[in-house]
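The values are calculated or read from the model by the stated rules, or taken from the named source; none is laboratory data. No experiment lies behind these values; they were computed from the predicted model shown. A quick note on method: Cβ atoms are made from the backbone with ideal geometry, for glycine too, and the neighbour counts reach across all protein chains shown. Remember, those area values only see protein heavy atoms, side chains included, never the ligands or the DNA or RNA. Shrake-Rupley method; radii C 1.70, N 1.55, O 1.52, S 1.80 Å.
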Amino acid sequence: MQTTLTRVFVQSVCWLLLLFALPTLAQQQAKEKELAELKQQIQLTEQQVKQQQKQLEKSEQKLQQSDKALAEAALATRKTEQEKQALVIREQQLLAQQTELEQTLQQQQAMLASQLKSAYSLGQHDYSKMLLNQQDAAKLERVLSYYQYFNRARLAQLAALNKTINQLQLVLTELTDKQQQLATALQTLQQQQQQLAQAKGEQQLAVKRLQDTLKQQGRQLDYLRQNETSMQATLEKLRKLAQKAKELAGLNKQKGKLTWPLNGSLLQRFGENREGGVSSRGILIQGSEGEAIKAVADGQVIYADWLKGYGWVIVLDHGAGFMSLYGHNQSLLKQPGARINAGETIALAGMSGGQASAGLYFEIRNKGEAVNPLQWLAQTKR
């Protein structure tokens, strides 16, 4: 009986333990299921992030490619424009030379005609009779001298006339050649301008694609911060590698006197929040595409390349730890190592790097730290 009771008691306890264990097991299974779903969600999110990153990188590559195409088209157009101007100037010089030579030719022809008339008058004397009749030796000698003088003068005038005719022919040949070159340059220029317009359209499309991607992913702030970090790292590296030439004495003595790099209204001041809430370390100056960007002071180019978020960037070392940075350019006109004078054109204004409108992003750095450019630029613009 006791054994039976014991067995019943043990069975009851087991059932009670099983009843208490069932909720715990169910909870554990639920948690495991939740954990599995969470892992699956994490994997899905990671895949989405990777896919978004690929889309962003693709948009950035498209933007860089379009910026490069636009820069090349702009430089080619600028070069052809300069060649065209040189041809126009040479054509004007040749036309002036042609007019001068034609006037000289007319004068020489008139002088030759006058000499021939004088020679004809002198020829009224019977030259053969005078030689046979030597009664007036003095007169004969005088007439022979006149003949020799007129002959030498005619020969000199004929030589000068031939020289002028040859020069005129050379000028006319070169003028024809230059006019053909000018016509070719104009045709090339028209084609390049079409390519420039196409490249500009592709750039604007790439900018919109990048902005749409960032907006869809909600990553504007992250993108700006990444660009800022990349810029800081690049400038810090440049600061360490900057050549400290003795003749580059820095900017301390020029504070408040520096030449403005671009004439235009300020779109953004130093320290103001950029889109996304990142504080600006420079200023943004409004400009027109292709407008000349000037160096604010003597310096040396230490960087000239495309930088994410800032487009085509050129950086000058001014010595004593001072650097100036020029961003969002359409194209760069100088290469690293080039010595630059204050006011020299170093780039063309643009909207590279995703900028919405044409202008210039400008910074001044002192020993790596950004300073307010408005405190260093002249009060009146150039």
(request) Scan 103, 82, 107, 93 and give me the residue that is out of contact with any strand residue (DSSP E or B) (no Cβ under 9 Å at 6 or more places or on another chain), at pLDDT 70 or above, open to solvent by 90 Å² or more (accessible area, probe 1.4 Å) and closer than 30 Å to residue 202 by Cβ. (result) 82
(request) Give the stretch 313-332 a look and list any residue that's under 14 Å from residue 295 (Cβ atoms) and open to solvent by 50 Å² or more (accessible area, probe 1.4 Å), or say none. (result) none
(request) For residue 289, indicate whether it is more than 21 Å from residue 79 (Cβ to Cβ) and either in a loop (DSSP other than H, G, I, E, B) or of a type outside the set (A, V, I, L, M, F, W, C) (or both). (result) no
(request) Kindly provide the set of residues from the stretch 288-299 that are open to solvent by 20 Å² or more (accessible area, probe 1.4 Å) and closer than 16 Å to residue 259 by Cα, ordered by number. (result) 291, 292, 294, 298
(request) For the stretch 348-362, indicate whether the set of residues that are small (Gly, Ala, Ser), crowded, with 23+ Cβ neighbours inside 10 Å and within 21 Å of residue 255 (Cα to Cα) is non-empty. (result) no
